[in-house]
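See structure below.
The values are calculated or read from the model by the stated rules, or taken from the named source; none is laboratory data. Just so it is clear, the model here is predicted, and its values are computed rather than measured. With ideal geometry, Cβ positions are generated from the backbone for all residues, glycine too; neighbour counts draw on all protein chains shown. Please note that ligands, DNA and RNA were not included when accessible areas were found on the heavy atoms of the full protein model with its side chains. Shrake-Rupley method; radii C 1.70, N 1.55, O 1.52, S 1.80 Å.
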Amino acid sequence: MTVRLLALTALSLMLLACGRAPYAGSVAREYMKAYSNWDFEKMKSFYSDGVHFEDPTATEAFGQPYVFDGKEKVHGFFNNVFKDRFKNDRPPYVKFNMERVFSTGSLVIISSTFECIVPTSWYKEKSDEALLISIPFVTILEVKNGQITKHFDYGDYKKYNAQIRAQLNK
């Protein structure tokens, strides 16, 4: 009887502890909603002070590093992606269609399709046109104590570049 009582007490304490720390998957889903809405202030509220962001696929595709450390630098990066390219510095359409989400421990893996209108001016001088891209995307988040400590993005930039070329050559 004592062993059973101890086991029930331990289980109760574990359940209480789980209730205090947000589940990594729910934090990740809320964060991805903010990401999909291009709401960088809300995204920033999820970051730990020492958050690390990296997109090795973008680094390879565009030839410059996409690695940022610290809440302010990560926020600044996202905040400036479309700076002076669209009204309110945000694209008229951006969305992450989350298809699969799974987690193990502190890691949450999100497989999605990233859709976005990007400015043609990135590819041609003095153009007000916009291009629509839709690419497979994977985001891996590390969530500790309810905060995002690491954010890794992996996009299919080969498909991205093919879509850009097809629209520019029409």
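Quick one: in region 87-123, of everything that is acidic (Asp, Glu) and modelled with pLDDT of 90 or more, which residue is nearest to TYR35 (Cα to Cα)? Break it down stepwise before answering.
Residues of region 87-123 that are acidic (Asp, Glu), as a first pass: 89, 99, 115.
Pick out the ones that are also modelled with pLDDT of 90 or more and you get 99, 115.
Values: GLU99: 15, GLU115: 12 Å.
Here the answer is GLU115.
Does ASP49 satisfy the criteria of being in contact with a helix residue (DSSP H, G or I) (Cβ under 9 Å, 6 or more places away or on another chain) and over 24 Å from THR113 (Cβ atoms)? Step through it out loud before you land on a result.
Numbers: in contact with a helix residue (DSSP H, G or I) (Cβ under 9 Å, 6 or more places away or on another chain): yes; over 24 Å from THR113 (Cβ atoms): yes.
Yes; evaluated as a whole, the condition is true for this residue.
Kindly indicate whether LEU107 is in contact with a helix residue (DSSP H, G or I) (Cβ under 8 Å, 6 or more places away or on another chain) and open to solvent by 50 Å² or more (accessible area, probe 1.4 Å). Steps first, answer last, please.
Details: in contact with a helix residue (DSSP H, G or I) (Cβ under 8 Å, 6 or more places away or on another chain): yes; open to solvent by 50 Å² or more (accessible area, probe 1.4 Å): yes.
Against the criterion (in contact with a helix residue (DSSP H, G or I) (Cβ under 8 Å, 6 or more places away or on another chain) and open to solvent by 50 Å² or more (accessible area, probe 1.4 Å)), LEU107 qualifies.
Any idea how many residues of region 144-170 are closer than 20 Å to PHE68 by Cα and either assigned to a loop (DSSP other than H, G, I, E, B) or touching a strand residue (DSSP E or B) at 6+ places or on another chain (Cβ under 6 Å) (or both)? If you could, list the steps in order and put the result at the bottom.
Keep residues of region 144-170 that are closer than 20 Å to PHE68 by Cα, which gives 144, 147-155, 157.
Going one step further and asking which of them are either assigned to a loop (DSSP other than H, G, I, E, B) or touching a strand residue (DSSP E or B) at 6+ places or on another chain (Cβ under 6 Å) (or both), we end up with 147-155.
Residues meeting the conditions: 9.
It is to be established whether one or more residues within region 139-160 are within 19 Å of PRO92 (Cα to Cα) and either surrounded by fewer than 14 Cβ atoms within 10 Å (Cβ to Cβ) or at pLDDT below 90 (or both). Talk me through it step by step, then tell me what you get.
Kept after step one, since they are within 19 Å of PRO92 (Cα to Cα), are these residues of region 139-160: 160.
Imposing the further condition that a residue be either surrounded by fewer than 14 Cβ atoms within 10 Å (Cβ to Cβ) or at pLDDT below 90 (or both) reduces the set to none.
No, region 139-160 contains no residue that is within 19 Å of PRO92 (Cα to Cα) and either surrounded by fewer than 14 Cβ atoms within 10 Å (Cβ to Cβ) or at pLDDT below 90 (or both).
Please verify whether ASN37 is open to solvent by 20 Å² or more (accessible area, probe 1.4 Å) and either β-branched (Val, Ile, Thr) or closer than 26 Å to LYS158 by Cα (or both), treating the condition exactly as stated.
For ASN37, the condition - open to solvent by 20 Å² or more (accessible area, probe 1.4 Å) and either β-branched (Val, Ile, Thr) or closer than 26 Å to LYS158 by Cα (or both) - is met.
So, of the residues in region 87-96 that are free of Cβ contacts under 8 Å to residues at least 40 places away in the same chain and at negative phi, which turns out to be most open to solvent (accessible area, probe 1.4 Å)? Walk me through it before giving the result.
Step one: list which residues in region 87-96 are free of Cβ contacts under 8 Å to residues at least 40 places away in the same chain, which gives 87-89, 92-93.
Next, only the ones that are at negative phi stay: 87, 92-93.
Numbers: LYS87: 168, PRO92: 98, TYR93: 82 Å².
The qualifying residue most open to solvent (accessible area, probe 1.4 Å) is LYS87.
Among PHE62, PHE53, which is at pLDDT 90 or above and not β-branched (Val, Ile, Thr)?
Working: PHE62 fails: at pLDDT 90 or above.
So the residue among PHE62, PHE53 that is at pLDDT 90 or above and not β-branched (Val, Ile, Thr) is PHE53.
Just checking, does region 123-134 include any residue being of a type in the set (Val, Ile, Thr) and under 26 Å from PHE46 (Cα atoms)? Outline the logic, then answer.
Start the filter on region 123-134 by keeping residues that are of a type in the set (Val, Ile, Thr), which leaves 133.
Next cut, under 26 Å from PHE46 (Cα atoms) only: none.
No, region 123-134 contains no residue that is of a type in the set (Val, Ile, Thr) and under 26 Å from PHE46 (Cα atoms).
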